[in-house]
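Take this structure, written in structure tokens, and hold onto it; I'll ask about it next.
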Amino acid sequence: METIGTDFVIVGGGLMGCSAALDLSRKGCSVVLLERGFVGAEASGVNFGLLRRQDRFLAQLPLANRAVEIWHRLESVVGEDCEVEIRGHLRFALDDEDMAVIEDYAAGAREYGFDIEILDGPDLRRRWPWLSDRLIGAGWSPDDGVANPRLVTPAYARAAQAAGADIREEHEAVEMTRDANGFRIVTRHGLEVRAPVMLNTAGAWSHHVSARFGEPVPLTAIGPPEAVTEPVPYFIEPTIQRVGSPVVVRQVKRGNVIVAGKPRGIADNVANRAYVAPRNTLANMRKALEVVPSLRSINLIRVWSGIEAALPDNLPVIGPSLTTPGLFHAFGFSGHGFQVGPAVGVVLSELATDGRTATPIEPFTMGRFADYQGEDADA
Ligand SMILES: Cc1cc2nc3c(=O)[nH]c(=O)nc-3n(C[C@H](O)[C@H](O)[C@H](O)COP(=O)(O)OP(=O)(O)OC[C@H]3O[C@@H](n4cnc5c(N)ncnc54)[C@H](O)[C@@H]3O)c2cc1C
């Protein structure tokens, strides 16, 4: 069996794990990242690509603001173009109730240094004449945008590798223990890694990791339904989303329109399948047409989903284990972790090296689930 000693071992090569690997490696730490399949092949690589802050839990805005700062200069961080486009995000209202939600949120967000401009119906149609006249107003955040999820995490992994990280794909961590000498992780292909510090960034499988260390969590797997159309001439510049996310629309510069929305589908994190129910796709397309009527005769060419970790309060766990010194968790992003991903990696790296971070993460403590005794309790 090959044995490696390292400063940090990371289990899970999605955006959280790879961005932490990059930050730690650039600090001069030795890092081994274990990925069961291929980096960025799960939720981090198949998501909608939306970098929105509106509608985020307010206390998550410091983390999201930190991420915005990284997204705006991502090419210089990872050394590759990941198709980041800062074209603004429009969170729209169809009725007065929606509008009140938007205005309330804007007032709260201002406290966190996030300014949302309130637009009325005529403003909207003046700026974007293709929007339906059913929209009565919106919150506009011009600094938000999109990125190509297929490109981002592999770019992080390559940058981490260039900085010295040892990235091992097709290495599923199957044995995970800790004794007086630190963590001992063994992979399915017979690699043994020993490290004093471990990061659990295993996405929709993180509960299996945390349960090994006596921390079961009520994690479920969700599969947000996504659909993409044939390409049409580019006209939808901002991303657009109704309050509560029953529909979200964006267009890539190549012309394809991507439509997502609720209800979230069910994902199977045992068989590793995420299923898109046709009725959800049809419902989302109908809702998209209500907002952008000119999409009326467009053809869908593909639907997909992915396997995402959700927690009951729709907030992630980010921070130290409460049972095991040297173990840090970041998982359960509940359908909106792509935007915060680059900042989560930096925060994990700060926690793992300095034991603290300037970014407030108290609401994301593992302590929320301290009383949970679930099915993974004995895993
Ligand atoms: C369809 C879809 C659309 C979404 N849209 C958006 C969006 O528009 N905006 C947004 O902000 N967020 C969005 N999200 C959420 C976002 O994609 C996720 O929150 C984020 O990518 C989670 O990253 P992660 O690194 O925690 O998990 P993942 O990307 O799932 O990575 C976890 C990795 O851990 C590996 N792993 C698991 N167990 C082990 C083990 N034992 N050993 C080794 N490796 C292991 C897995 O193979 C996987 O690669 C969406 C998610 C989905 C599925």
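The values are calculated or read from the model by the stated rules, or taken from the named source; none is laboratory data. Please read all numbers here as calculations on a predicted model, not as lab measurements. No Cβ is skipped: glycine too gets one built from the backbone with ideal geometry, and neighbour counts run over all protein chains shown.
Would you mind stating whether P263 is of a type outside the set (V, I, T) and at pLDDT 95 or above?
no
Then there is this: What is the number of the single condition among (1) within 13 Å of the ligand (Cβ to nearest atom); (2) out of contact with any Pro (no Cβ under 9 Å at 6 or more places or on another chain); (3) over 23 Å from R242 (Cα atoms) that G79 does not meet?
(1)
Any residue that is loosely packed, with under 14 Cβ neighbours inside 10 Å and either within 30 Å of G137 (Cβ to Cβ) or under 17 Å from the mean Cα position of the chain (by Cα) (or both) - is there at least one of those in the range 353-370?
Scanning the range 353-370, I find no residue that is loosely packed, with under 14 Cβ neighbours inside 10 Å and either within 30 Å of G137 (Cβ to Cβ) or under 17 Å from the mean Cα position of the chain (by Cα) (or both), so the answer is no.
Kindly list the number of the only condition in (1) surrounded by fewer than 18 Cβ atoms within 10 Å (Cβ to Cβ); (2) modelled with pLDDT of 95 or more that fails for G244.
Against the list (1) surrounded by fewer than 18 Cβ atoms within 10 Å (Cβ to Cβ); (2) modelled with pLDDT of 95 or more, G244 comes up short only on (2).
Please count how many residues of the range 31-62 are farther than 30 Å from T3 by Cα, of a type in the set (D, E, K, R) and within 13 Å of the chain's Cα centre (by Cα).
3
For the range 226-235, name all the residues that are within 15 Å of the ligand (Cβ to nearest atom) and either part of a loop (DSSP other than H, G, I, E, B) or touching a Phe, Trp or Tyr at 6+ places or on another chain (Cβ under 7 Å) (or both).
Scanning the range 226-235 gives a single hit, E226.
Check whether at least one residue in the range 292-300 is surrounded by fewer than 20 Cβ atoms within 10 Å (Cβ to Cβ), in a loop (DSSP other than H, G, I, E, B), touching a residue at least 12 places away in the same chain (Cβ under 8 Å) and more than 10 Å from the ligand (Cβ to nearest atom), and report yes or no.
Yes, the range 292-300 contains a residue that is surrounded by fewer than 20 Cβ atoms within 10 Å (Cβ to Cβ), in a loop (DSSP other than H, G, I, E, B), touching a residue at least 12 places away in the same chain (Cβ under 8 Å) and more than 10 Å from the ligand (Cβ to nearest atom).
Restricting attention to the range 104-115, report how many residues are within 22 Å of the chain's Cα centre (by Cα) and aliphatic (A, V, I, L, M).
The qualifying residues number 1.
Counting only residues that are within 11 Å of the ligand (Cβ to nearest atom) and out of contact with any Asp or Glu (no Cβ under 6 Å at 6 or more places or on another chain), how many does the range 22-47 have?
Of the residues in that region, 11 qualify.
Name every residue in the range 176-225 that is assigned to a helix (DSSP H, G or I), more than 13 Å from R36 (Cβ to Cβ) and within 11 Å of the ligand (Cβ to nearest atom), in order of residue number.
Result: H207, R212.
Could you check the range 337-371 and list, in sequence order, the residues that are in contact with a Lys or Arg (Cβ under 7 Å, 6 or more places away or on another chain) and either assigned to a loop (DSSP other than H, G, I, E, B) or more than 27 Å from S76 (Cα to Cα) (or both)?
Selection gives T359 alone.
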